[in-house]
Structures are given as C-alpha cells and as structure tokens.
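Have a look at the structure below before the remarks.
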Amino acid sequence: MYLEGTDQHRGWFQTSLLTSVAVKGRAPYDSVLTHGFIVDGEGRKMSKSLGNVIYPQEVIEKHGADLLRLWVASADYREDVRISNKILDQLVEAYRRIRNTARFILGNLYDFSPSKDSIPYEELLEIDKWALMRLQRLIKRVTWGYDQYEFHLPYHYIHDFCVLDMSSFYLDILKDRLYVMPPDSKERRSAQTVLFKIILALSKLLAPILVFTAEEIWQNLPEAETREESVHLTRWPEVEERYIDEDLERRWEKLIKIRKAVNKAIELARQRDLIGSSLEAKVKIFIPDEDLREHFSSKDLADVFIVSQVEVFSENLLEYDYKDEEDMGTEVKIVRADGPKM
C-alpha cells in the first residue's frame, strides 16, 4: 500500500508507477490510500501567523490520547480534515456518551458470572434477543468499515448504537429489571447475559480507535482473569448468524415506532400537568397491526413504554392525545394510572 496526501497523485504515486511499469511491467503497489490535509474549522490552512494551529500534544494533555484518536477516526480523510476547539468539544461529548454506555453496562454486571449465571438464548426475553440481534448488525457493519479503510463509519456506527439502540431505548427499559428484580431472577439474568455479550464485543470493536478506553473496559469485565491479558491480544468478534431473526427485527421496528408515538403523547400529558413521571401514566392505545396486538401483552408494552399500565384497543379510540398520521396510524390516550402512587 502507498499512503500519502492528495498532492502525491502527480508526485510519488505517478513517478513510481511509471518506473515500475517500465522495469517490472506492473504497478509498484497493490493499493493506494490518499488523504486530505489538516485545516482549521473554517477550512483554512493552519499557520502560526494566523494563530489557528492546534498542536496534538496540547489535545492529549487536555483531553487524553483517545480523544485525539477519536478525532482522526471520525474524519473522512479523503477530504481535507478540519479541527478546531469546537469540533473537539463535540467529540468530547460523543466520547462521553460511548464511555457512559460502557460504564452503565459494567456497573450492572457487578454480581454476574458469565460461566454460572448466563441464560441460554432460547430462554432470553424477547427484548434481550432484539438487543443481541442489533449487536450482530453492529459487528457486521463495523467490520466492513474497518476492512474498507472507512474508519469514520465504525465510529458513527458505534456511537449511534450506544446512543440510539442502547441508552435511549434498551438500557432505559432495562433499569427496572436490573434494579428491582431479585438478583438471581431469570428476568435479571437474561438482561445481564446480553449486557455481558454487548460489552465484550464493544470493547473489541472500540480497540482500534479508543485504545486505552477499550483496555480499561476489558480489565473491568467479570471474570477477566479467565480471558486474554489484554483486549489487544484477543480475536476480532464474529457475527453469530443464529442471533439474527428478521421476523423479530421487523416486529420490533414497528414497536419502536409505536413507542415514539406513546412518548409524544406522554410529553403532551406532562405539558398539561396531568402527570410527572411516565410511571404515573396509563396508556390507552389503538394499534392497527393485529399481529402486534396479539404478540405483545399489556405487561410487555408497559415495560417497553415505561408506564404503569397499558390498555390495548382493536378499534379506533373515541378520543386521543396523539395519532401517528405518517406511519402506522397508532392512536394514544394518556390518563393517570389506577391506584395510589407508591
């Protein structure tokens, strides 16, 4: 591989190509990877006289080496690469989201032994199977990105997985199960089984970019003494096709859209001072999709919506707070939950 800046298309790349073809009858390289130049946030060339130079050592001293590596990985190097304090601040927030996701998962594995407490796949709760499936999709996409030298794609895939799939959805729903259920209950162990698989794979996927953070995660995994000494000595995670269930995926895609409609209705109820916490709510909902109505119980839906009660209707509601006009036609009415507040 030849690796250089775009100015070498007419320089080193060209002259070595001509010479090699003349002498050996073939190109001197199997592949060429070119990159742009580092410029400031406004696209200007860095110059001491302009005072717009950002020194790598200063970034490392302020934010750590992993943040500098994250900036490199987040950029599409085929174009000129911009850097500024504002861009670095945005990456600090992105890094914090990834780190906080890992910290939450590790914090909820403190009493979990993978060898003793893991639940077989067939016995996992359906939402846990969904999370495991999303992990396989992530592994596949991130691996492809690295293989294609598209390093900014793995960064975006991992960030979106941590923020959208995990923090905003799966981990949010898990909290009651992790905090309230008996420690050895099947429901709690099901969640921990999947959380362990997620953090194990996530540490490996992060390793090429966030070298020190990935190692820190690895050293804090349960039963770390039974595995390789360092995450950088492990094998790359492989996609387990048996965890990919397309019917389950389609079903949960629909349910996630329904959850968004419920969240909008809950927010409207908050604005009316009808409820404070979502757990004070009872959701009355019309779900047009008959398969979804039959598949998910009211208890399942209450867990996913993070509310106290759900009443499902097979016909349109007489009145509703929110209707999903653009997608599924879901209608949602929020009332206060039955019973006293505990």
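Annotations
- Some residue of the stretch 52-66 being assigned to a helix (DSSP H, G or I), surrounded by 18 or more Cβ atoms within 10 Å (Cβ to Cβ), under 22 Å from the mean Cα position of the chain (by Cα) and among the charged types (D, E, K, R): yes
- With respect to the conditions (1) closer than 17 Å to H156 by Cβ; (2) part of a loop (DSSP other than H, G, I, E, B), Y29 falls short on a single one, namely (1).
- In the set (1) touching a residue at least 24 places away in the same chain (Cβ under 8 Å); (2) outside the structural domain of A214 (by TED's automatic domain parsing); (3) within 30 Å of L132 (Cα to Cα), Y322 fails one condition alone, (3).
- Verdict on V211 being surrounded by 20 or more Cβ atoms within 10 Å (Cβ to Cβ) and in contact (Cβ under 8 Å) with a residue 12 or more places away in the chain: no
- Hey, D300 under 30 Å from the mean Cα position of the chain (by Cα), under 19 Å from K129 (Cα atoms) and surrounded by 15 or more Cβ atoms within 10 Å (Cβ to Cβ) or not: yes
Here's the yes/no breakdown for (1) surrounded by fewer than 17 Cβ atoms within 10 Å (Cβ to Cβ); (2) at pLDDT below 95; (3) out of contact with any Pro (no Cβ under 6 Å at 6 or more places or on another chain):
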site: A73; (1), (2), (3): no, yes, yes
site: K86; (1), (2), (3): yes, yes, yes
site: Q90; (1), (2), (3): yes, yes, yes
site: T101; (1), (2), (3): no, no, yes
site: L109; (1), (2), (3): no, no, no
site: I127; (1), (2), (3): no, no, yes
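- Near pairs, Cβ below 8 angstrom, 6+ apart or cross-chain, from the stretch 58-86 (farther than 12 Å from T213 by Cβ and β-branched (V, I, T)) to any residue that is in a loop (DSSP other than H, G, I, E, B) and at pLDDT 90 or above: none
- Tally of residues being in contact with a strand residue (DSSP E or B) (Cβ under 7 Å, 6 or more places away or on another chain), part of a helix (DSSP H, G or I) and among the aliphatic types (A, V, I, L, M) across the stretch 263-293: 4
The values are calculated or read from the model by the stated rules, or taken from the named source; none is laboratory data. Note that the structure is a prediction, hence the values are computed from the model and not measured. Methodologically, a virtual Cβ is constructed for each residue, glycine included, from the backbone with ideal geometry; neighbour enumeration extends over all protein chains shown.
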